[in-house]
Amino acid sequence: MNASHDMRGKTVFVTGGSGGLGKAISKELARRGAHVSIFSRRPMPLKEAREEIMATCQNTDQDINAIAIDMADASKVDEAFRSQPRIADILYCVAGGNHAENGFLADITAKEIESCMNNNYYTAAYAAKSMLDIWINDDGEKPNYAHHRTRKIVFINSAAAFLGLPGSIAYTPAKCAVRALADTLRMEVLRYCGPESTYSIHCAFPADFISPGFVLEQQTKTPLTKHMQGTDLPLNKLEAKFPSSDKVASLIIAAVDRGDFIICEDSLAASVLFTNMLGPSPKRGWGIVDALLSPIVGCIVWPYLRWRWESMTRSDGEEFRRSR
């Protein structure tokens, strides 16, 4: 095994680890030798996921723990993290999704807006807050200059943070908030890097991929949203069109290994859209491609997409008015 991929002796926490991308990430890291603790709300899927993850372990010495918890409850998250037998070296914030809150603003409820923010933003913010508090306290109580530690937080965001598609009006703002959290925390953690530990933040923006969550989302998306996304197809055709959770997990982990902050490895479209949405994020690589593509995307790609999507939305509105 490549030394940079060896996770033996490392501990990883994965929120949303009971299924989909969270489970795929957990299995890959366990395969590399890591101790893994997964967190999710549903006890039965957690139990099943733990068994799957254990089957991928390198050896019997690896600890695989499963904790049923509401990640949108800050005090419970902190209690759960502090009760683990080991302090994590890496935190993957994967919990989230948009299973029940799809719809136009006029059609969804205020409670669904709140729920979507809880499931996507607060689950990430509370996990990151707890983990950072634990790490900073650990650095102060047990300074060990002979064994420098590398500590990472990986936010699994969504390409939705680069778009504003009708029908995803609860989900997109929550994902924009996660990106802002990652951008800000990337700078804040520089305050804590020292002889004891180095801290790094990473943010992945996967586009559509096949997972149980994706299948659920398809059931509640508006026809307009599906049309814009190109997901208005039978499931077997979508499976041929989009990557699997395992594929996306491998690409994200490889990018974290390289030290990338912005991760759009699974989708050329998401990668291109990011070039016009840089904000405070550092440019990727040497920044040449991002710098060259940014004016092209801003002057050609986005005007075309706006025109196309606005036309589709007006047509959808005409059908809505005729049906009333």
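Note on the stretch 91-111: residues that are buried (at least 24 other Cβ atoms within 10 Å of the Cβ) and of a type in the set (Val, Ile, Thr) amount to 1. All conditions in (1) assigned to a loop (DSSP other than H, G, I, E, B); (2) surrounded by fewer than 24 Cβ atoms within 10 Å (Cβ to Cβ) hold for Met131, with the sole exception of (1). Look at the stretch 110-121: where a residue is among the charged types (D, E, K, R) and a partner is surrounded by fewer than 20 Cβ atoms within 10 Å (Cβ to Cβ) and outside any helix (DSSP H, G or I), sitting 6+ places away or on another chain with Cβ atoms under 7 Å, you get Glu112/Ala100. Within the set Gly285, Gly279, Gly230, Gly317, the sole residue that is under 30 Å from Lys10 (Cβ atoms), out of contact with any Ser or Thr (no Cβ under 8 Å at 6 or more places or on another chain) and of a type in the set (Gly, Ala, Ser) turns out to be Gly285. Tallying residues that are assigned to a helix (DSSP H, G or I) and either of a type outside the set (D, E, K, R) or within 21 Å of Ile169 (Cβ to Cβ) (or both) within the stretch 81-110 yields 2.
Of the residues screened, Thr184 is not one that is in a helix (DSSP H, G or I), touching a Gly at 6+ places or on another chain (Cβ under 8 Å) and either buried (at least 21 other Cβ atoms within 10 Å of the Cβ) or of a type in the set (Ser, Thr, Tyr) (or both). Criterion applied to Asp70, Asp78 was being surrounded by fewer than 20 Cβ atoms within 10 Å (Cβ to Cβ), within 21 Å of the chain's Cα centre (by Cα) and in a helix (DSSP H, G or I), and the one residue passing it is Asp78. Restricting the search to the stretch 1-32, which residues are more than 20 Å from Val77 (Cβ to Cβ), in contact with an Asp or Glu (Cβ under 9 Å, 6 or more places away or on another chain) and at pLDDT 95 or above? Matches in the stretch 1-32: Lys10, Ala24, Lys27, Glu28, Arg32. The single condition among (1) under 21 Å from the mean Cα position of the chain (by Cα); (2) under 17 Å from Leu91 (Cα atoms) that Ile134 does not meet is (1). Within the stretch 38-49, does at least one residue satisfy the condition of being assigned to a loop (DSSP other than H, G, I, E, B), surrounded by fewer than 22 Cβ atoms within 10 Å (Cβ to Cβ) and on the phi > 0 side of the Ramachandran plot? No. Looking only at the stretch 220-242, residues that are assigned to a helix (DSSP H, G or I) and in contact (Cβ under 8 Å) with a residue 60 or more places away in the chain come to 7 in all. Taking the stretch 50-67 as the range and being surrounded by fewer than 16 Cβ atoms within 10 Å (Cβ to Cβ) and either without any contact (Cβ under 8 Å) to a residue 24 or more places away in the chain or over 17 Å from Glu28 (Cβ atoms) (or both) as the test, the residues that pass are Glu51, Ala55, Thr60, Asp61. Residues in the stretch 285-318 that are surrounded by 11 or more Cβ atoms within 10 Å (Cβ to Cβ) and among the acidic types (Asp, Glu): Asp290, Glu310, Asp316.
Taking the criterion of being surrounded by 15 or more Cβ atoms within 10 Å (Cβ to Cβ) and closer than 17 Å to Leu91 by Cα, the residues of the stretch 187-199 that qualify are Val189, Tyr192, Ser197, Thr198, Tyr199. What pairs come out if I take residues in the stretch 243-258 that are within 18 Å of Ala49 (Cα to Cα) and pair them with residues that are in a helix (DSSP H, G or I) and hydroxyl-bearing (Ser, Thr, Tyr) whose C-beta lies under 9 Å away, six or more apart or interchain? Final answer for the pair search is Ala249/Ser26. Among the residues making up the stretch 146-170, those that are under 30 Å from Tyr192 (Cα atoms) and either part of a loop (DSSP other than H, G, I, E, B) or more than 16 Å from the chain's Cα centre (by Cα) (or both) are Ala146, His147, His148, Arg149, Thr150, Arg151, Asn157, Ser158.
Please specify each residue of the stretch 297-324 satisfying the condition of being in contact (Cβ under 8 Å) with a residue 12 or more places away in the chain and not hydroxyl-bearing (Ser, Thr, Tyr).
Answer for the stretch 297-324, where residues must be in contact (Cβ under 8 Å) with a residue 12 or more places away in the chain and not hydroxyl-bearing (Ser, Thr, Tyr): Val297, Gly298, Val301, Trp302, Trp309, Met312, Asp316.
The values are calculated or read from the model by the stated rules, or taken from the named source; none is laboratory data. Here the structure is a predicted model, which is why all the values come from computation and not from measurement. Heads up, the Cβs are rebuilt from the backbone with ideal geometry, glycines too, and the neighbour counts pull from every protein chain shown.
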